1. Output yes when any residue across segment 420-443 is part of a helix (DSSP H, G or I) and open to solvent by less than 40 Å² (accessible area, probe 1.4 Å), and no when none is.
2. Can you confirm whether Y338 is open to solvent by 10 Å² or more (accessible area, probe 1.4 Å), closer than 30 Å to G104 by Cβ, within 13 Å of the ligand (Cβ to nearest atom) and touching a His at 6+ places or on another chain (Cβ under 7 Å)?
3. Going by the conditions given, is D215 open to solvent by 30 Å² or more (accessible area, probe 1.4 Å) and either within 16 Å of the ligand (Cβ to nearest atom) or more than 24 Å from F88 (Cα to Cα) (or both)?
4. Residue by residue through segment 62-81, note down the ones that are of a type in the set (V, I, T) and part of a helix (DSSP H, G or I).
5. If you go through segment 174-189 one residue at a time, do you hit one that is within 16 Å of the ligand (Cβ to nearest atom), part of a loop (DSSP other than H, G, I, E, B), open to solvent by less than 10 Å² (accessible area, probe 1.4 Å) and touching a residue at least 12 places away in the same chain (Cβ under 8 Å)?
6. Out of everything in segment 446-465 that is closer than 30 Å to T369 by Cβ and among the acidic types (D, E), what residue ends up being surrounded by the most Cβ atoms within 10 Å (Cβ to Cβ)?
7. Residue check, L48 against (1) open to solvent by less than 50 Å² (accessible area, probe 1.4 Å); (2) closer than 23 Å to L419 by Cα, all met but one. Which one?
8. Please go through (1) more than 23 Å from S150 (Cα to Cα); (2) outside any loop (DSSP other than H, G, I, E, B) for D207 and return the number of the only condition it doesn't satisfy.
Amino acid sequence: MPTPLQRAMFQEMATKAPFLRAQMHAQQYLDRVLDRHAYPTDADLARLDIFNEPLPEKPGTASGIIDFLARNGQDGTISSLGGRYFGFVTGGALPVGLAAKQLGSIWDQNAALRVMSPVVAQLESVVEGWLRDIFRLPDTTRAGFVSGTSMANFCGLAAARYRLLQRQGWDVNQRGLWGAPPLRIVTSSEAHATVKKALTLLGFGQDSVEWVRVDEQGRLVPAEMPPLDERTILILQAGNVNTGAFEDFNTLCQEARKAGAWVHVDGAFGLWAAASERLRYLTDGVEGATSWAVDGHKTLNTPYDAGLILCADPEALTAALHLAGDYLLTGEQRDGMYFTPEMSRRSRVIEFWACLKYLGKAGMDQLVTTLHERAWQLAEGLRVTPGFEVLNDVVFNQVIVSCDHDDLTERILRQIQELRSCWVGGSRWRGRRVIRISVCSWSTTEEDIALSLASFSRAMDMTTP
Ligand SMILES: *Cc1c(COP(=O)(O)O)cnc(C)c1O
């Protein structure tokens, strides 16, 4: 005899009522999302207070809970699916990716082992091969499907730590870091915050890092790099979060290779430049590194959370993430958990696979190239808009702009956000307050850029009488 709770849930499975409600709300959301204001209004935000309630005493109804969530939650979302959300480096989501994620959510697979989800293991193998092809990486390269570049940076640096210590005759899994031969970390002062976090988590203090000076675009200056050796992890960047700049991979990777150093590349959004005929030059030489961190949820426009660690030394990766001796590398039979720190994981490869299969090489090229063209359009427009100064070379999808002085930049930024026609964030660049614009949604059109430029002008008019 089923319990009353079980009976209710069997009923929900039989009628599909909660699924149909969720589907209906999702469709209504999709109808509005592209034209909605880029950021919730104050009234929308105030409505979120309704979620502050004590944990219910008794079970509810699934449909009622879905309705409650849709009614009170949907206007508290950010329109990152729309064409005028330029905050952070967020990325839109391709329709095919969202739909695949929806189906994959219902399948609810645990991606840990092949026996736990044959279809996920199959797709991970296929996508791994496609990625090697897109980024032109060595044949030995294997992929771990993680939550984002934060985790991917952690994995790449863990693999590097394992391998470089192992070459010094030190098994870090067995003996730990205390008393280990010292490793050197060389990176630029522009390394992303998540690189610094990964280093800290791995037991490398900030003080042990050899910070290299950068040029005016935020690129590490090769001539300023200290001599590398076989105890060095060199961390490079494909796409600076402010300027979008790329390091000189040819020079730096060659030098590292000669010295026996490990090169890890943080390519969160920028590595995808490799998919564009026109922008590929930015990633020239990047295949000379040993590990690469990249996101699906930024430039590729997979839904959130989708990141990748790619590593040309898969034994180091699996040994670092799973105790040496405890791992298997069977080749054809892929067990995804050996390439990530987690055991249970959701099946994020489903969205990766769907987006890549949908776009193909030509579609990916168009997607990436268009992001660049729209960023360029915006920068050109700002160059002729009185009161704004574009501070970076727009090589990829990032534009940073400032006004006469920090205080004015700050006020204009707030005003643009207040207008809600587009949404841009703030940052600091070379001591100046800047407005940072990241064009990374498939849905941004020329008209969206024109509307956004109008918002910049309007904010300037409203702020400077
Ligand atoms: C976004 C970003 C990260 C962090 O990636 P998450 O996917 O947010 O974890 C790291 N490095 C760079 C350059 C980024 O743009």
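The values are calculated or read from the model by the stated rules, or taken from the named source; none is laboratory data. Everything quoted here is computed from the prediction, not taken from an experiment. Methodologically, a virtual Cβ is constructed for each residue, glycine included, from the backbone with ideal geometry; neighbour enumeration extends over all protein chains shown. Note: accessible area is taken over every heavy atom of the protein model, side chains too, but ligands, DNA and RNA are not part of it. Shrake-Rupley method; radii C 1.70, N 1.55, O 1.52, S 1.80 Å.
1. Here is the first cut: in segment 420-443, the ones part of a helix (DSSP H, G or I) are none.
Checked against the condition, which is being part of a helix (DSSP H, G or I) and open to solvent by less than 40 Å² (accessible area, probe 1.4 Å), segment 420-443 yields no hits at all.
2. no
3. No.
4. I65, I66
5. no
6. Step by step, filter segment 446-465, then rank; the result is D448.
7. Condition not satisfied by L48: (1).
8. Just one mismatch for D207, condition (1).
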